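Following: one structure in structure tokens, then a few remarks.
No lab work stands behind these numbers, since they all come straight from the coordinates. This one's a predicted model, so the numbers in the text were calculated from it and none came from an experiment. Here the Cβ positions follow ideal geometry from the backbone for every residue, glycine too, while neighbour counts run over all protein chains shown.
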Amino acid sequence: MTQEKTEQDQTRFPVPQTLAQSARCNADDYQRLYRASIDDPDGFWREQGQRLQWETPYTQVKNTCFDGDVSIKWFEDGTLNASVNCIDRHLPEKANDIALIWEGDNPAYHHAITYGQLHDHVCRFANVLKNMGVKKGDRVTIYMPMIPETAYAMLACARIGAVHSVVFAGFSAEALANRIKDCDSQWAITADEGVRAGKSIPLKNNLDEAARSCPGLKAVLAVRHTGATVSWVDGRDYWYHEAALKVDSRCEPVVMNAEDPLFILYTSGSTGKPKGVLHTTGGYLLWASITHDYVFDYQPGEIYWCAADVGWVTGHSYIIYGPLANGATSLMFEGVPTWPDVDRFWQIINKHKVNIFYTAPTALRALMREGDAPVERHDLSSLRILGSVGEPINPEAWLWYHRVVGKGRCPIVDTWWQTETGGMMITPLPGATDLKPGSATRPFFGVKPALVDAEGQIIEGAGAGNLVITDSWPGQARTLYGDHERFIQTYFSAYPGTYFTGDGCKRDADGYYWITGRVDDVINVSGHRMGTAEVESALVAHHLVAEAAVVGFPHDVKGQGIYCYVTLNAGLEPTEDLARELRQWVRKDIGPIATPDHIHFTPSLPKTRSGKIMRRILRKIAENDFSNLGDTSTLADPSVVDSLIEGRQIR
Ligand code: WT7
């Protein structure tokens, strides 16, 4: 451990006195509840499961096995409906309370939706889906911007037992088509256009392009958002605003088993094909609800804002399911942090008197660059708790967030989790946990983290290794859609008997966890998870490219940038134009988030004699670190390394 790291570990921000008294969980409560959750998971979750409203109460609680075929079941004989839990059960007391605040990309637009109105919208939406022919268990692809109808669509699926698969609106037609096909989705919901930073995104047209390679798609429901003219297929396409007139605002919820699927969400892995992570109804909803409650210390009446996109798991768990299950007021923002101006976030916090704010380090780093003035122009005194998610937060960004945004008053909850975990796993609790900038701190109730070395030996006490979770928790993904074998392979084979997270991690002498980043071929670009293999397969699909290898490199704002080594077909000369073309090509194939930062043309790649690309070397060179290339003697042609270094130094 370096000197610098040791000092860093010792910077502590104790729980503010007032919070220690007022929060729903103080340090003693945490110790007691955490102990109970580990000593007697069955008893602990039997009691916590009561947070939800069940149609048929469960008698079984935990039935999970990480060995062999891997089987994960929670509350397996209970039945419930997720939309009832997020809406109907709040109606007796909260029909007039605000469920969602929508803030448009254009600062002139905003409106609020009460729980009563949410009920009507969701029922109508559900009835429209039923009229189209959508049935329990069907997969429905949702390719939507950040508008309230997206929440209605998700909850409407949940109401009728359909399984939603939300595809981030920044993905290309091609990426969308792959996701529609992978889960045999016959139904899709989209909008005419999305709007971000004043620019429109042609969602319906993209969907139409995707649909050309998806013969299984039976019907498309389009929400009118901007009013743009869009392409149309008669007999297949329906306008939501027309269909909604023909249905009423009551819709009986379908009773679901706790282990019936709630949604699929695609995420990147270390191989090319995205993985359809599957979450089920009971355990997931309980996890989203309990973590939202404890981690944000949500108090009735507070305005809570998670600035993620619903296209990612953060939006699922912490814009929709968690807060709504808790009867909270959740703000949904259509736009971006820097438009019309770099103070957009701070303006929204002041405008809606936001109490709890949750965002990603990449956004903070971008805003930090603009200095303190844009923050200080606004009164942010409503803020009480700040959150961070998606990637490691560097201490500089943490300290800025704490000092400038939170005025030193607001605890920062740095929440480590993944699409696969359903919700937060390692995180501070505001009234219980002293903070250390850059550490996600301690495990949530029921979470048993461990560090393992390369041989799979568990590391005790302070140390560093790969992060595994040794027992199941209710929010855990149950499988990968249609590919349980891959689920077992990806998560349970590296260290048998445990769930392997793919992250490296260190634990200090106080038992605090410090996530150091992915240890597989996954990179984290602006908090978005990206498989390097996906970018590689896009590159090699170009007719002039012979071979490609993609690695991450440190990037000031994005956390990691995308660095591509490209070998052209024999006889071709690299040009700036071609580099530009390849960047565009990848962007078109996957989406803007995958746009390469660097294209490094090279006559060959460093390979072992057995033909394996030595990525370790490529990573070092991309990082501009030529001193520590390690053992290169196993390379088939060691001179490749020198030419790569030379190529790096030129740019
Ligand atoms: C990966 C999961 C968590 C929901 C959004 C991203 C990284 C996430 C943290 C954090 C350090 C973090 C990990 C993880 N990550 N949160 N607080 N500190 N790293 O979900 O797309 O499934 O990505 O994001 O590397 O494995 P995801």
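Here is how the numbers come out for the structure above:
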read-out: Volume of the Cα convex hull of the chain, divided per residue and given in Å³; value: 160
read-out: Burial ranking of peptide ranges 85-94, 326-335 (average Cβ count within 10 Å, highest at the top); value: 326-335, 85-94
read-out: Protection-proxy order for peptides 282-295, 99-112, 116-129, each taking the mean of Cβ atoms within 10 Å per residue, highest first; value: 282-295, 116-129, 99-112
read-out: Taking the C-alpha atoms of region 177-308, convex hull volume expressed per residue in Å³; value: 206
read-out: Inter-site label distance for Leu245 and Ile201 at 7 Å from Cα along Cβ, in nm; value: 3.0
read-out: Pairs from Lys136/Lys218; Lys62/Lys506; Lys199/Lys275 whose Cα-Cα separation, in the structure shown, is over 27 Å; value: Lys62/Lys506; Lys199/Lys275
read-out: Mean Cβ neighbour count within 10 Å, used as a protection proxy, ranking 364-377, 589-602 highest first; value: 589-602, 364-377
read-out: Spin-label model distance (nm) - Ser382 vs Ala108, 7 Å beyond Cα toward Cβ; value: 2.2
read-out: Dipole-positive endmost among Tyr30, Pro449, Ile113 within the chain (Cβ charges, Cα centre); value: Ile113
read-out: Signed unit charges on C-beta, dipole axis of the chain, positive-most listed residue Met144, Val519, Ala20; value: Met144
read-out: Per-q log10 I(q)/I(0), region 312-386, q = 0.15, 0.18, 0.22, 0.23 Å⁻¹ (Debye; single scatterer per alpha-carbon; no solvent); value: -0.55, -0.78, -1.12, -1.20
read-out: Estimated dipole of region 1-109 in Debye, rounded to 20 [Cβ of Lys and Arg +1, of Asp and Glu -1, Cα centre]; value: 260
read-out: Integer Hz, Karplus 6.51/-1.76/1.60 couplings in order for region 230-235, x for Gly and Pro; value: 10, 5, 8, 10, 4, x
read-out: Kirkwood hydrodynamic radius over Cα pairs of region 526-647, then Stokes diffusion coefficient at 20 °C and 1.002 mPa s, in µm²/s; value: 145
read-out: Of the trypsin sites (Lys or Arg not before Pro) in region 393-449, those whose Cβ has at most 16 other Cβ within 10 Å and which sit in DSSP loop; value: Lys407, Arg409
read-out: In region 591-643, trypsin sites (Lys or Arg not before Pro) in a DSSP loop with at most 15 other beta-carbon atoms within 10 Å; value: Arg609, Lys612
read-out: Relative contact order computed over the chain (Cα-Cα under 8 Å; 6+ residues apart), in percent; value: 13
read-out: Using a Förster distance of 51 Å, the FRET efficiency for Lys612-Gln60 (Cβ separation, nearest 0.05); value: 0.65
read-out: The chain - charge dipole about Cα centre, Lys and Arg +1 at Cβ, Asp and Glu -1, debye rounded to 20; value: 600
read-out: Between region 528-557 and region 269-316, the alpha-carbon center distance in angstrom; value: 28
read-out: Contact order relative to length of region 526-647, as percent, for alpha carbon pairs under 8 angstrom and 6 or more apart; value: 23
read-out: Integer Hz, Karplus 6.51/-1.76/1.60 couplings in order for region 561-574, x for Gly and Pro; value: x, 9, 10, 10, 8, 10, 9, 8, 4, 3, x, 8, 9, x
read-out: Derived scalar couplings ³J(HN,Hα) [region 415-422; Karplus, 6.51 cos²θ - 1.76 cosθ + 1.60; whole Hz; x for Gly, Pro]; value: 9, 8, 6, 8, 3, 6, 8, x
read-out: Cα gyration tensor shape of region 257-380, rounded if a/c is under 1.5, else prolate or oblate by comparing a/b with b/c; value: oblate
read-out: Interchain or long-range residues, amide H under 5 Å from Asp77's placed H; value: Thr59, Gln60
read-out: Paramagnetic reach from Lys353 in region 282-326 [backbone N under 20 Å; point 7 Å along Cα→Cβ]; value: 297-306
read-out: Loop-resident sites, region 453-534, for GluC sites (Glu not before Pro), counting at most 14 other Cβ within 10 Å (DSSP); value: Glu455, Glu460
